[in-house]
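Trainee: My questions will all concern the structure given below.
Every read-out reported here was derived from the displayed coordinates using simple, explicitly stated rules and does not represent laboratory data. Since we're looking at a predicted model, the values are computed, not measured. Every residue, glycine as well, gets a Cβ built from its backbone with ideal geometry; the counts of neighbours run over all protein chains shown.
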Amino acid sequence: MEYSTQKYKIKDEKMKAFIDSSEIWDFINNAQPKKERVREIIQKSLDKNRLSLEETAILIKTEDKELVEEIKQGARTLKETVYGDRIVLFAPLYIGNYCTNNCQYCGFRVTNKKQIRVTLSKSQIIKEVEALEDTGHKRLILVYGEHPMYTPEFIAESVRTVYKVKSGAGEIRRVNINAAPLSIEGFRTVKASEIGTYQIFQETYHPETYAKVHLAGNKRDFENRLIALDKAMEAGIDDVGIGALFGLYDWRYEVLALVRHVNHFEEVYKVGPHTISFPRIQNASELNVNNEYLVNDEDFAKLVAILRLAVPYTGMILTAREPVEVRKEVLQYGVSQIDGGTNIQMEGYTQHEAETQNLEMEQFEISDTRSLSEVIDELIETDYLPSFCTACYRLGRTGEHFMEFSVPGFIKRYCSPNAILTLAEYLEDYATSEIKIKGYAMIERKILDLAKYQKTEILQKKLEKLKNGERDLYF
């Protein structure tokens, strides 16, 4: 596999900062989005090639409405080609909201005296996980504030607790982490608990803006956060997730900086990040961010499409921060994962209704408060294939091995059958009778599609086994 060989002002080295803001702006300011060039770049991505920063900058600078629509259509086509129509579902579970940082966009900030501070006990974690399993969830991301009490040992123990919870037919098969940077040894401790992806967002890649919005705590160190996932890689965690909080600085810069981060990983570790996230600022208790760089819905759809084209094989996560209509619009431009049935209040899944949000018990306000059942129903209605698949992680298809499988286009071949199997599990154990009928009708259609280019007899046999009570079947 070929990786980025573009030369930058700052040489890519392990655990060394790599962002030069003037260089990123040079790419943007010098970009010339001529019609034929834009179309050449879209085609390059459709040929499943990574885009350079120069090429991504040209798409960013494109403002002609006809060409922007072509960018979006290219992203739609690429998503179908690489990922098919599956959408992976997960839920966030907040373990603790104590924090020593003072981030101006976050309700957990240390100076926010209104925030009700909670760290879930083992028994509380078990109850929350049982509630999530009882709705059908199989994949979680655990979220922690940055505080001395949330040690690597604490995180690892909470992960092991989650994996042990079994409620009815339910179980959690993949636990991802969103937490503060750790030492290499700390990352090794967490890895030993068999986590999936470790996710750390830079929030903003613009150093001056970063300093303005991070006023205290360890998070104030821009470079320490920037190289945090290098440390995770050094510790053997080969699935990492990056992201920027859009609305802190110019979205064009942040998109290009995210691609620069991808290039850094590919240059020094020969594998890109597993996922990219692109949350927008939402209301939060004691929010203190100006409105200068807030991203409107039109630009948000455009930036998602550009990210899809720039990094064809990287998973893209769209969260319940966004309202339903925006989620429906953006989903088509390359999103591969969404959350459903989300409640980010502390003890939210057992103690609080999502519809009655309390900003004093959560990090920010979410916009999509639908249940998992409602989200799945809509996905089926719009012909997206809901998936709870975790097979790659059981079979070692992670990190560089995942890229080996994904780049030739095997994601669709592996993931579509596995998505069908996990959907069937959901239909058997948790779905309403109406969704069950619609879901199995979808499965029949998807199997007919698969049969056009691969054998489906084994898949159909596994489906029969699921209907007869067997669980956790995959390819």
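Trainee: Per 10 Å bin from zero, what fraction in whole % of the C-alpha pairs of region 84-123 is there, up to the bin with the longest pair?
Mentor: Reading upward from the zero bin: 25, 36, 21, 14, 3.
Trainee: In whole Hz, what ³J(HN,Hα) sequence does region 127-137 give by Karplus (6.51, -1.76, 1.60; θ = phi - 60°), x for Gly and Pro?
Mentor: 5, 5, 5, 4, 5, 5, 5, 5, 9, x, 5
Trainee: Subtract the Cα-Cα distance of Ala441 and Arg117 from 0.36 nm times their separation in residues, and report this length gain in nm to one decimal.
Mentor: 112.0 nm
Trainee: May I pose another question? Which entry in [x] 24.1, 98; [y] 21.3, 61; [z] 22.4, 69 is this structure's computed Rg and Dmax of the Cα atoms in Å?
Mentor: For Rg and Dmax of the Cα atoms in Å, the calculated option is [y].
Trainee: With no other cysteine's Cβ closer than 4.7 Å, which Cys residues of the chain count as lacking a disulfide-compatible partner?
Mentor: Lacking a cysteine Cβ partner under 4.7 Å: Cys99, Cys389, Cys392, Cys415.
Trainee: Moving on to the next point. Could you tell me the calculated FRET efficiency between Glu66 and Glu292, based on Cβ-Cβ distance and R0 = 45 angstrom, to the nearest 0.05?
Mentor: E between Glu66 and Glu292, to the nearest 0.05, is 0.95.
Trainee: For the chain, calculate the relative contact order in percent as a whole number, restricting contacts to Cα pairs under 8 Å that are 6 or more residues apart.
Mentor: In percent, rounded to a whole number, it is 20.
Trainee: Let me ask you something else. Quick one: Karplus J couplings for region 309-314, per residue in order, coefficients 6.51, -1.76, 1.60, θ = phi - 60°, nearest Hz, x for Gly and Pro?
Mentor: Listing the rounded values in order: 5, 5, 10, x, 10, 9 Hz.
Trainee: At a 10 Å Cβ-Cβ cut-off, how would you order Ser371, Ser22, fewest neighbours first?
Mentor: Ser22, Ser371
Trainee: Given a Förster distance of 45 angstrom, what is the FRET efficiency for Glu325 paired with Gln460, based on the Cβ-Cβ distance and rounded to 0.05?
Mentor: 0.75
Trainee: Right, next: What does the helix-only formula give at 222 nm for the chain: each DSSP H stretch with n ≥ 4 adding -39500 (n - 2.57), the total divided by the residues, and the result rounded to the nearest 500 deg cm²/dmol?
Mentor: Calculated mean residue ellipticity at 222 nm is -14000 deg cm²/dmol.
Trainee: Would you mind ranking His264, His206, His147 by Cβ crowding within 10 Å, fewest neighbours first?
Mentor: By the 10 Å Cβ count, ascending: His147, His206, His264.
Trainee: Pull up the DSSP beta bridges for the chain and report the antiparallel fraction as a percent, rounded to 5.
Mentor: Percentage antiparallel, nearest 5: 10.
Trainee: Work out which GluC sites (Glu not before Pro) in the chain are exposed loop sites (DSSP not H, G, I, E or B, at most 15 other Cβ within 10 Å) and give the longest gap free of them.
Mentor: 64-193
Trainee: Going by amide H atoms built from the backbone, whose H comes under 5 Å of the H on Ile19, apart from near neighbours?
Mentor: Those qualifying (amide H under 5 Å, at least 5 residues apart or on another chain) number zero.
Trainee: For the residue pair Thr432 and Met15, what label-to-label distance in nm results when each label sits 7 Å from Cα along the Cα-to-beta-carbon direction?
Mentor: 5.4 nm
Trainee: Run the numbers for Lys164 and Phe201: contour at 0.36 nm per residue of separation, minus the present Cα-Cα distance, in nm.
Mentor: Difference between extended and current length: 10.5 nm.
Trainee: Tell me, Ile172, Ile437 in order of fewest to most beta-carbon neighbours within 10 Å?
Mentor: Ile437, Ile172
Trainee: In whole Hz, with x marking every Gly and Pro, tabulate ³J(HN,Hα) for region 438-454 from phi via Karplus 6.51 cos²θ - 1.76 cosθ + 1.60, θ = phi - 60°.
Mentor: In residue order, the calculated couplings are 5, x, 5, 5, 5, 4, 4, 5, 5, 5, 4, 5, 4, 5, 6, 9, 7 Hz.
Trainee: Another question about this same structure. Calculate, in nm to one decimal, what Asp47 and Met149 gain on full extension: separation in residues at 0.36 nm each, minus their alpha carbon distance.
Mentor: That pair, Asp47 and Met149, stretches by 31.9 nm at full extension.
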